[in-house]
Each structure stands twice: as structure tokens, then as C-alpha cells.
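A short worksheet on the structure shown next.
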Amino acid sequence: MFSVRGAHTRLHPTALVRGFSSKMLADPSQKYRPYKPIQLADRQWPSRVTRSAPHWLATDLRDGNQSLANPMTIPQKTQIFELSLQCGFKEIEVAYPAASDTDFAFVRGLIEKKMVPDDVWLQVLTAAREDLIRRTVDSVAGSKLAVIHMYNATAPTFRDVVFRNTMEETIALAVKQTELVRKLTDECSAKTGTHFRYEYSPECFTQTEPEFAVEVCEAVKKAWGKAGSDYENKIIFNLPATVEVAPPNHYADQVEYFCRNISEREKITISLHPHNDRGAGVAAAELGLLAGGDRVEGCLFGNGERTGNVDLVTLALNLYTQGVAPNLDFSDMQHCIDVVTQCNDLPVHPRHPYAGELVFTAFSGSHQDAIKKGFESQTKRHAAAAAEGKPQYWDMPYLPIDPADIGCNYEAVIRVNSQSGKGGIAYIVKQHMQLDMPRRMQIAFYQVIQDIADREAREMSIEDITTAFRKTYHLGSQHEGRLALRSFKVSTVEGSSADDADAPRRFDGTVTVDGVPRVIRGDGNGPLSALLDALRENLDVDLHIREYTEHSIGQGTSVKAASFVELTDPKADPRDKSKAWWGVGIDSDIAGSGLHAVISAVNASLGDRALPELKLNVGYSTRSGPADVASKVLNGLQLEIPRRMQAAFFEVVQRAARETNNEISADKLVELFRRTYFRAAQKVQLGGFKAEQTSADGRRRLEVELAVEGASKQVVGEGNGPLSALLAGLQSQVDGNIVLREFSEHSIGEGADVQAASYIELQFTSNDGAKRSAWGVAVDEDITASGLKAILSAFNGLDVPLKN
Ligand SMILES: CC(=O)SCCNC(=O)CCNC(=O)[C@H](O)C(C)(C)COP(=O)(O)OP(=O)(O)OC[C@H]1O[C@@H](n2cnc3c(N)ncnc32)[C@H](O)[C@@H]1OP(=O)(O)O
Ligand SMILES: CC(C)C(=O)C(=O)O
């Protein structure tokens, strides 16, 4: 679904190298201590449900940034800031301003260039140190809304090891520096009008004694001294799982304990800041919200220290799939991915929830089958719901969210490899070829794909599958099989009434057999059985129909019919799968699609089996082909008929010879050629013509006198030359469209007796889209007259009525 995303991690020379020197312990209790559960017997959070979105704080530009090997540049930070706004974040931790000139300048730039919308809070982080606090407050001076976020570690290990502070000293530090923040922000507000909120983090909250965390925060709240009960004035207590060291239910207990024991809860925003060391950051945030959290701090796609901050994309979309508006917009997920991967120089994992390139893809057969059925049933369910004006609920096996909601299409929902089944392959054929294979055919085609996938040990792309389908069922001119249906006519057998629906049918058509046209005829109950009869009689192909289905493709005037047929060998055991062949036909005409499907299945059955040759005896040759016939015409008439016309005349000869036991003499053949193309008693004949040049660019105007069944008719046309001018003239006289498909000429004889021979193929398309073509031939001393006569000869062959 998604392209390979963004940049990839490069292993730094000093990155962790995994070796063999350490070993896992048989008894890890000798090294690691379990977390101490909180005694919260009447905990409330397990039975709550989240029904609204929390406030969100995006800390990509602070916690995310501080964890990068190469912290972001100002342009990169600007990109992430703009993306955060696009996604709908109203609170953005933009920097640790005292950390670097870049961070400080970035914050100043946002304010001075007026890049911060009026309803967006700029949050900045500082340690509890005077110099850092001063610079931090300076960084946001003049912004409309700002949050100063201060932290100091309260957990025992940090108190003992990092700060070497007692509990009292820890509280004293937090109180003293909170008072400083209060003083500096009051001064700044007075000068610049910036509205400040204050956030305090007892760092490593999850490893701090719960009672002590409450005690520190009570002291900080008192020191801040102005927490109000509206959101803009609440004090924010952030409860970070700085390092995730316990399961998420324990975090929820800690949060609920804090919420129940802190005073003036209504004046406090409880912010949750889970990290992901145990891989449960999302769960911790979700349970923490049930336990009383109001706000969640995290990063896009879970960037951040070590295993990352909690992933805000996952959290937001988890709410969305429960029908809860997250107040964040990830409609253009790919854009988010592109910006974040470029700025962080880290990839998004292919299996990352909602965003990874594989997360909406099923390779395995049973998943694909369920998804295919799910889409089919959902389409019907949605149509029914729409008709009743009810919501169209998403309920799809294996897809918790509609990929379209976050900017993905359904193209990669099903991808095929050796683990895939018939359902997935059928889904792709239906999606990309609009062909809905019958169930048993799905099984047959699955085997084709399975063989390729297994043999080549690779994924089958959509193109691989559709190409294999075209090749297997001989769809399209480049995949033509040994037999190809060129033209046909289905009529009722002589003697039966054309109105009788049950009257036997006659198939009369031309198939090419290994490239050579073969005129065949057969009778049956319907067109398909008549064709099978013709194949049995003429080509010794004896097959029966076991299954036949059809459906339409498209709508309106471009609608086509698709037919699927399974043929079997009547002499074989019906359970023998190797003696059953499927075929597919597509045609604008329903009978045509069925006939093409039969030919397609016959091709599958043929392999390289030799087919009986046509016994056509022209002159003394018992096995004459198109070239033999053409050489007889050359000998008799000095006409070098073009290649495609040889095939057309060969059909004419076969039809004629059918009446004479497939035998025809050379003279009769020449006579047949004359009769067919010179058409002595032509309906439309050339009288006179006058051509004149109409413009400097060589266009011709042609006035032609035609004799139409004896009556004279004048036709006028314009074109690049006399032939195109006559075609234009004829075009104006018919309903439908005439095009010239092929034209060639050569001379006959030499010197003063030289004559021109012209060969023309015209194609006519009637207003209902039916096509037919015909060849015409003419010989004349005048080269223009020869061409014009050949056109009229072909036109007569088309047998198109002239308008009055
Ligand atoms: C859980 C978190 O993510 S917290 C945020 C962490 N983010 C960062 O650290 C990124 C930005 N940090 C920096 O650029 C630098 O650390 C600075 C500019 C803040 C400070 O740099 P330095 O002055 O060189 O100090 P250093 O980085 O070594 O910090 C350690 C000192 O700060 C103290 N310290 C650590 N956290 C705090 C705190 N929250 N409040 C007060 N002091 C603290 C340590 O005890 C130590 O003091 P010591 O030197 O007396 O032993
Ligand atoms: C500064 C604090 C909130 C922090 O980043 C953490 O504890 O992870």
C-alpha cells in the first residue's frame, strides 16, 4: 500500500553490538525485582470505557528530538511543527530551549514570524535549575499561549544516585524552582501579555513511591499558587512512565491512586507520558486514561527515548475505530510518514499499526478469502443501510479500519504469494479485470498462480496475476492460442423456424488453426454446442460443456459480456482434473463471448497435439493452403494478392469447396476470385469522375458519377487524394462509419499496355457498434480509376445501404 518509507537507520560505529559474552540467567529473580503492586482494592478504571478524546501534547520536537542521533535542524523542526498543526495538535512541546541555540532560536522564530495560531499552546521544557528556567521563560516571551514544563526526578534511585538528595530536599528543589517559574512568568506576562500555564513532572513517576509523588505535587501546586478550574488555568501534573517497568494495569493503578489522593483535582490536568520499554506504551496510555488521565503526551509513530514515547497515531486511530472522534486528522497518512521519516531519519516499521506498508495487506489464503467475502457482503449491507438512511458501519474481517479513511486505496489489501488461496487471487482478478470467476474456475486458476509463486519463490504482483490470466485463457491478440475465432454467424438450421427458440442452431464461422483460416460449420441445440459440433467434425476435438456462467462488465453503451466455460473430455473419468479445461471469453455480444470462451477452453485442452489438416484440393494439390490458392490467382490473373487478403480469399474458397467435397479446379478458383471481387453485376459502379485540387496543401475535391443499380447518382467528397475523397463522399451516403484498413497496388504488364491492380480493404462500423470488413480488387489502365474501382468493389462487398 505504501511505498518504502523514508530513510533507514544506519548503525553507528559505537552502536550496541550484541555478542556472546553475557548469558540469560536460569534464575533472574537473583538479578531483577518485580514491581510492587499498589493496594487499590476498589480500583475503578477496569470497568470504565473511553468515550471522548483526551487533550494531546505532541512532543516530537522535544522528547522525540532529544533522542535522535542528529537532532533536527530548524527547517526540519519547522516541518514537524507545520505537520503537527495540520494533524490538529493544539499543544506542542516545541523545544528544550536551554539545550541549544538551535532550540532557542527555533522557538523565537515561531513567535517572531507569527507561525503559531492563536489557539495553539507552545510548550517548552526545563530542568529545575535557575539558569535553565530563565532562558526557557525568555524563549516564549511574547507568545500568546505558553506552557512552562519543569521536571526533577523524584524516584528513589535518582534521589540517591543522581541528585544525592533526601525526600525533603527533592521537594524543596521542586518548590523553589516552581516559585521561580511563577515569578518569571508573572513578570513576562506583565510585559508581553503571554498567558502561561505550568506543567510539573515528577520524573520517573512510575518508579516513585505513590504517596511521595502526591506529596511533591501538593507542594508544587501550593508553590505555583494560582491553579484555576478552567482548562487555561489548571496546573498540569504529568505522570511520566519515564521508563516503562511494569505492566499497563499497574500504571493505571498508579494514575488512579494519584487522581484520588491529590487535592483540588478539579484544578489539575493529569497528563500521561508513557514510554514503551516493555512495548506496552499504547496500552499504558489507554488504561491511564480510564484511570483518570486527561491528556496524553507522545510522538508521531512512537519516536522518542530508547523504545520511544507512546505513539499518538495509534492512540488516536484506536479511538477512531471505536467511533470516538480523536480530534486529530490522519487522512493523509502518507504525508505524515514522509515528513516524520525525513525529519527523524528513522523508518516507520512495515508493521507499524495503521501506518506500516504491510498493515492492510493479507498474503495468506484464509485471510484473503474472508476479506473478499467481507467486501462483497459489506457492499450489499451498505446499499441496504443507505436505502434506509442508516449508518453504513464498517465490519470487515481482518481490517479494523477502512484504509481509505487514512488515504490508502484497496490495491494492496490482498497480495499474493505461495501462502495465498483462490479467494485472494479471484479478488485481484475481479478488482483489476472486472471478471468474477465461478468458484470451480477459481480453484483451477489458483493452481496456475500457486505453481508460478512456488516455482519462482516470490510474491506475485497484480501484473503477474493478470498477465498469467490473459496467457492461460488466451485473452488479447498477444496471447492468441492455437485456435482463434475470426468470424462467425449463428443461424437456425435450414428447415426450422427462425422464431422457434428451441430450433437447432447452426454455427458457421472461421477459426484460425495455427494461423491458417479454417471455415467450419456445426449444428447443435445452441451456439456453443453448434461450435463444439463444428470442432468435432472439422478438427477432431471432442469436448463437452460441464459448466457455463456469464456476467456483464461495465454499463450503458460500453457494456460487455464475460463468459466462463468448463469443457471436459467425455471419454475421461469426470473426477480427473487433468481432463477438464476452463476458458474465458469477453465480447460486446453475448453469443460471441460464449463462443470465445469455448475456443479459450479448447486451446487449453490442445497442448501441442496435431490437428487434422484441411483437405482442400485445388487443382492437383491435395493439401492447399492460402499461399497455394494465391499462386493460382497469380498464374491465372497476374494478380499478386496481399497477404491478409490471401487469408480472406482462402475462406471464400473453403466455403465454395464445401459444396464440391473440398475439391476445386484451378480454373474454377480463378473464376471464383473474379466473381467475388470484380463483381461484374456490382450494385454500385463507377461512371465518371473529376478530381480537382482545392487548396495549396494538395487537398482534392472529387466528383464521382456512380451507377447505383442502373440509376445515376453523384457523390462529392474531399480528401488528401482521390481515394480518401471518394471515401468521404461514400461516408456521407451511409449511416455508420467506413474506414480504409489496407491499400496496395502493383502494375501488370509493361510499356504502353501497363495496367494498375489495386487492392482495398474497407471496414464498416454500424451505429450499434457491429463491425464487418470486405476486400475489393480492380484493374485499370488509369491508376486513379483502378483505386476508385477497388474502393467501390470493397464497398459492394460490405453491402451497406446508401441513403436516398
Ligand atoms: C526524562 C527526560 O527526558 S528529561 C529531559 C532530558 N533532556 C535533555 O537532557 C536534553 C537537553 N539537555 C541539555 O542540553 C543539557 O543536559 C543541559 C543544557 C540541560 C544541561 O547541561 P549540563 O549543564 O552540562 O548538565 P548535564 O547535562 O551534565 O546535567 C546533569 C546535571 O543536571 C542535574 N539535573 C538533571 N536533571 C535535573 C533536573 N531535572 N533539575 C535540576 N537538575 C537536574 C544533574 O543532577 C546533574 O547535576 P551535577 O552536574 O550537579 O551532577
Ligand atoms: C521530562 C519528562 C516528562 C520526560 O520526558 C520523561 O519522564 O520521560
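The values are calculated or read from the model by the stated rules, or taken from the named source; none is laboratory data. Only a predicted model underlies this, so the values are computations on that prediction, with no experimental measurement involved. No Cβ is skipped: glycine too gets one built from the backbone with ideal geometry, and neighbour counts run over all protein chains shown.
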Matching option when the condition is assigned by TED's automatic domain parsing to the domain that holds residue 73 and in a loop (DSSP other than H, G, I, E, B), among 326, 353: 326
Scanning region 56-71 residue by residue, those touching a helix residue (DSSP H, G or I) at 6+ places or on another chain (Cβ under 8 Å), outside any loop (DSSP other than H, G, I, E, B) and either more than 14 Å from residue 313 (Cβ to Cβ) or away from ligand 1 (no atom under 13 Å from the Cβ) (or both) turn out to be 56, 58, 60, 61, 65
Which of the residues belonging to region 231-250 are farther than 15 Å from residue 199 by Cα and more than 16 Å from ligand 1 (Cβ to nearest atom)? 246, 247, 248, 249, 250
Conditions first: (1) within 16 Å of ligand 2 (Cβ to nearest atom); (2) crowded, with 19+ Cβ neighbours inside 10 Å. Residue 277 passes all but one, so which condition is the exception? (2)
Could you please give the count of residues in region 653-671 that are surrounded by 19 or more Cβ atoms within 10 Å (Cβ to Cβ) and either in contact with a Ser or Thr (Cβ under 7 Å, 6 or more places away or on another chain) or among the small types (Gly, Ala, Ser) (or both)? 1
Considering each of 570, 527 in turn, give the residue that is within 16 Å of residue 599 (Cβ to Cβ), over 26 Å from the mean Cα position of the chain (by Cα), of a type outside the set (A, V, I, L, M) and not assigned by TED's automatic domain parsing to the domain that holds residue 444. 527
Region 217-246: number of residues that are part of a loop (DSSP other than H, G, I, E, B) and within 11 Å of ligand 2 (Cβ to nearest atom): 3
Here is a check on your reading of the model: is residue 156 closer than 21 Å to residue 210 by Cα and out of contact with any strand residue (DSSP E or B) (no Cβ under 9 Å at 6 or more places or on another chain)? yes
Just wondering, is there one or more residues in region 105-119 that are within 16 Å of ligand 2 (Cβ to nearest atom) and in the same structural domain as residue 310 (by TED's automatic domain parsing)? no
Name the residue that is surrounded by the fewest Cβ atoms within 10 Å (Cβ to Cβ), counting only residues in region 103-115 that are away from ligand 1 (no atom under 16 Å from the Cβ) and not basic (Lys, Arg). 112
When you look at residue 82, is it under 21 Å from residue 346 (Cα atoms) and in contact with a strand residue (DSSP E or B) (Cβ under 9 Å, 6 or more places away or on another chain), yes or no? no
Would you confirm whether or not region 249-262 contains a residue that is basic (Lys, Arg) and either out of contact with any strand residue (DSSP E or B) (no Cβ under 9 Å at 6 or more places or on another chain) or part of a helix (DSSP H, G or I) (or both)? yes
Among 137, 175, 147, which is within 16 Å of ligand 2 (Cβ to nearest atom) and at negative phi? 147
In region 217-230, how many are within 16 Å of ligand 1 (Cβ to nearest atom) and touching a helix residue (DSSP H, G or I) at 6+ places or on another chain (Cβ under 7 Å)? 3
Taking region 86-132 and keeping only residues that are of a type in the set (D, E, K, R) and over 24 Å from residue 333 (Cβ atoms), one is left with 101, 103, 108, 112, 113, 114, 118, 119, 129, 130, 131
Against the definition (closer than 18 Å to residue 201 by Cα and touching a residue at least 40 places away in the same chain (Cβ under 8 Å)), how does residue 145 come out, yes or no? no
Filter result for residue 719 (surrounded by fewer than 12 Cβ atoms within 10 Å (Cβ to Cβ), of a type outside the set (Lys, Arg) and either at pLDDT below 95 or closer than 13 Å to residue 689 by Cβ (or both)): no
When every residue in region 297-327 that is among the β-branched types (Val, Ile, Thr) and within 16 Å of ligand 1 (Cβ to nearest atom) is compared, the one farthest from residue 239 (Cα to Cα) is 307
For residues that are in contact (Cβ under 8 Å) with a residue 12 or more places away in the chain, within 15 Å of ligand 1 (Cβ to nearest atom) and in a helix (DSSP H, G or I), tally how many sit in region 82-102. 1
So which residues in region 88-107 are more than 16 Å from residue 343 (Cα to Cα), within 40 Å of the chain's Cα centre (by Cα) and not charged (D, E, K, R), if there are any at all? 88, 89, 92
What pairs can you find where one residue is in region 193-211 and in the same structural domain as residue 160 (by TED's automatic domain parsing) and at positive phi, the other is within 16 Å of ligand 1 (Cβ to nearest atom) and in a strand (DSSP E or B), and their Cβ atoms are less than 6 Å apart, with a gap of 6+ or different chains? 204/153
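Okay, residues lined up against (1) closer than 16 Å to residue 481 by Cα; (2) hydrophobic (A, V, I, L, M, F, W, C); (3) touching a residue at least 12 places away in the same chain (Cβ under 8 Å); (4) exposed (fewer than 13 other Cβ atoms within 10 Å of the Cβ):
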residue	(1), (2), (3), (4)
533	no, no, yes, no
547	no, no, yes, no
552	no, no, no, yes
555	no, no, no, yes
575	no, no, no, yes
591	no, yes, yes, no
Among the residues listed as 292, 279, the single one being away from ligand 1 (no atom under 16 Å from the Cβ), assigned by TED's automatic domain parsing to the domain that holds residue 321 and within 18 Å of residue 63 (Cα to Cα): 279
Mind counting the residues in region 371-423 that are in contact (Cβ under 8 Å) with a residue 40 or more places away in the chain and not in a loop (DSSP other than H, G, I, E, B)? 11
